[in-house]
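Comments concern the structure below.
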Number of protein chains: 2
Amino acid sequence: MNPAPPNPTVNAPASGAAASPTPAASGSAAGSPTFSPLYQQIKALITQSLQSGEWKPGELIPSEVELAGRFKVSQGTVRKAIDELAADNLVMRRQGKGTFVATHHEARAHFRFLRLVPDEGVPHYPESKFIDVRRVRAPADVARLLDLKSGDAVIFIKRVQSFDAVPTIVEELWLPGLIFKGLTAERLVEYKGPMYGLFETEFGTRMIRASEQIRAVCADAGAAELLHIASGTPLLCSERVSFTYGDKPVELRRGWYLTTRHHYQNELN
Amino acid sequence: MNPAPPNPTVNAPASGAAASPTPAASGSAAGSPTFSPLYQQIKALITQSLQSGEWKPGELIPSEVELAGRFKVSQGTVRKAIDELAADNLVMRRQGKGTFVATHHEARAHFRFLRLVPDEGVPHYPESKFIDVRRVRAPADVARLLDLKSGDAVIFIKRVQSFDAVPTIVEELWLPGLIFKGLTAERLVEYKGPMYGLFETEFGTRMIRASEQIRAVCADAGAAELLHIASGTPLLCSERVSFTYGDKPVELRRGWYLTTRHHYQNELN
DNA sequence: GAGTGGTCTAGACCACCGA
DNA sequence: CGGTGGTCTAGACCACTCT
């Protein structure tokens, strides 16, 4: 056992009972056993339940005391695990009510990934117009970023987003065909709200984090036409890969942003 | 008293002794008294000591038990306060050694604000060449962003930064003259390493966080010459305001980044 | 009032560091 | 070895929400 002496359940080398096996968290190759703290193991167990859909987005998860009983640890340990999950935006705590599985269906979450905001006026969500939705074979670069094999089936989506009827964003998305089987133009068009919300409820795939690379480029003819601007206008170009549980890449999104009346807002902390 | 019953020191309406007055944290206008938890008050007290320079960047601060004794609270409460300070990057914990005041003189900190990295190869710090350093009166827009009055003295700095001898960044900085009195071109040139390090050690002003707005623009004649590129080349344009303690703005930095072989890297969490 | 998360305490032991 | 932060527990009370 690792830190707490009077508790022989989770990290124990061999203990009989309880609902959670988890020899877990040992890099046990040789020399150093590399133990991990109890609360990290609890966090991993809870994360598994989230990933498996045992508790769905927006739902209430069991209370701290109940989880403490289930895992045979103190409430404080569960608390620390959930604290981290909340910091990771996997879960949301609400005093007096309980802890809820985080969801992209919330005003709060809408601007976590969309960082383009109007220079003046309040941030709001743009309107989408879909240009293209089709099943294709993954080009090499897309396959590499999505951890697929070149030629694997992917879904390609192209759309234009407008703020106050002014076209401002051209976006191309690539999604693994296996995961997003059955995603059609109709589903996309009829669905109102952020796409990540649809992915979450319709395909059980929740975006956890993303990595973005940003450049300045000249608008090519295609983008220029869609955005009603002169070819050659400078655009902000973003390439973003989004990840679900287990750091699995599940979306590649290339965006071209018109930044004459909008800007990309970033907070450095 | 607020949460803890057996402890009449920090938040107490009127208590005699102890080194920390702090009636603190009450929005006491009318109706709701708006108490704040003990650990938040401890956090505020420690932050004051950091701001006042009682413990300088890089130095060791008193141990948790000592602070607990000083503030007459439990170690757990001090711990939670320091946990938040560490999350805010004001302080750095090192097991077995102690807690240190964070500093910008560390490889770790160098890329917290500089997000432009080479497309290939390892991130590294660019070389600076200073074009201009002078005392001027603040234009209206600069004054507004730095919370000064139009016409107040400010220091203007212009420089070019190069990666592997390739000029890549043009930067213009505006600093409040009052705070950075005595900042000269010589000091800047002789100083090696990140400018925030110099600000911290030479002027006692530590940058805590920053807010950045990013756009795509065309290179004007001046930038084009400095970066050895054609006028009109698309550049990534960033306007950043940095803040010290108390959310006081103390730097305006406008940057133009050449993104042909570099990109702005951002993690969305 | 019962149940939830939020705060606070006290005490134990562990992992790491330096002398 | 003693000192530091890191983990874990157990129990108390507070603030909030709903019924």
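Non-local lysine pairs in chain A, meaning eight or more places apart or on different chains, with alpha-carbon distances under 20 Å, amount to 16.
Solvent-accessible surface of protein heavy atoms, probed at 1.4 angstrom with all chains present, puts B:Cys218, B:Cys237 in the order B:Cys218, B:Cys237, largest first. Across the range A:31-122, the volume of the C-alpha convex hull divided among the residues equals 149 Å³ per residue. Counting Cβ atoms of other protein chains within 10 Å of each Cβ in B:203-213 and taking the mean gives 3. Note: relative contact order over the range A:108-264, using C-alpha pairs below 8 Å and six or more positions apart, is 24 percent. Bin width 10 Å, origin at 0, all Cα-Cα pairs of the protein assembly as shown: what percent of pairs per bin? With 10 Å bins starting at 0, P(r) equals 3, 14, 21, 25, 21, 12, 3, 0.
Scoring B:71-81, B:238-248, A:186-196 by mean Cβ neighbours within 10 Å over their residues and listing the highest first yields B:71-81, B:238-248, A:186-196. Buried surface between chains B and A: roughly 2500 Å² of accessible area, summed over both sides, computed with a 1.4 Å probe on protein heavy atoms only. Taking the accessible area of the protein assembly as shown, probe 1.4 Å, and keeping the other protein chains in place, the carbon and sulfur fraction comes to 54%.
When peptides A:204-212, A:104-112 are ranked by their average number of other Cβ atoms within 10 Å per residue, the highest-first order is A:204-212, A:104-112. Per residue of B:215-221, other chain Cβ atoms within 10 Å of the residue Cβ number 6 on average.
Compute the whole-percent fraction of alpha carbon pairs in chain A spaced more than 26 Å apart. Roughly 53 percent, rounded to a whole number. Only helical runs count toward this figure. For the protein assembly as shown, summing -39,500 (n - 2.57) over DSSP H runs of n ≥ 4 and dividing by all residues gives -7000 deg cm²/dmol at 222 nm. Inter-chain neighbour count for A:260-267: the average number of beta-carbon atoms from partner chains within 10 Å of each residue's beta-carbon is 5.
The values are calculated or read from the model by the stated rules, or taken from the named source; none is laboratory data. Since this is a predicted model, take the numbers as computed values, not measurements. Heads up, the Cβs are rebuilt from the backbone with ideal geometry, glycines too, and the neighbour counts pull from every protein chain shown. Accessible surface areas use protein heavy atoms only, side chains included; no ligands, DNA or RNA. Shrake-Rupley method; radii C 1.70, N 1.55, O 1.52, S 1.80 Å.
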